[in-house]
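Below is one structure, written out as structure tokens; the observations come after it.
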């Protein structure tokens, strides 16, 4: 009878240890999930900022291109007028 109780107690201790390990691992995974969510949020915010910056740069590039083409046109007109 003592052997049965001892065996059951040992199995219970092993199960308790496995449950604590599982709980620890689960806590680590929840922490990692929260970190990844925060990183994902920060990356999305950065992506939005870069998209806005890109749009601004494309607009400025188009304005500069138009000004350069206008200058070239004026220079050609001056060249033909001279």
- Query: What's the extension gain from residue 58 to residue 36 if we count 0.36 nm per residue and subtract their Cα-Cα distance?
  - Reply: 4.7 nm
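Given only helices, namely DSSP H runs of n ≥ 4 each adding -39500 (n - 2.57), what is the per-residue ellipticity at 222 nm of the chain, to the nearest 500 deg cm²/dmol?
It comes out at -37500 deg cm²/dmol, rounded to the nearest 500.
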- Rounded tilt (10° steps) of 2-81 against the dominant C-alpha axis of the chain: 0
- Note on the structure: 1/(1 + (r/R0)^6) with r = Cβ-Cβ of residue 18 and residue 44, R0 = 41 Å, i.e. FRET efficiency to nearest 0.05, evaluates to 0.60
- Item | Long-range Cα-Cα pairs in the chain (distance over 20 Å), rounded percent | 71
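Only the coordinates and a few stated rules stand behind these numbers; no lab work does. Computed from a predicted model, the values in this text were never measured in an experiment. A quick note on method: Cβ atoms are made from the backbone with ideal geometry, for glycine too, and the neighbour counts reach across all protein chains shown.
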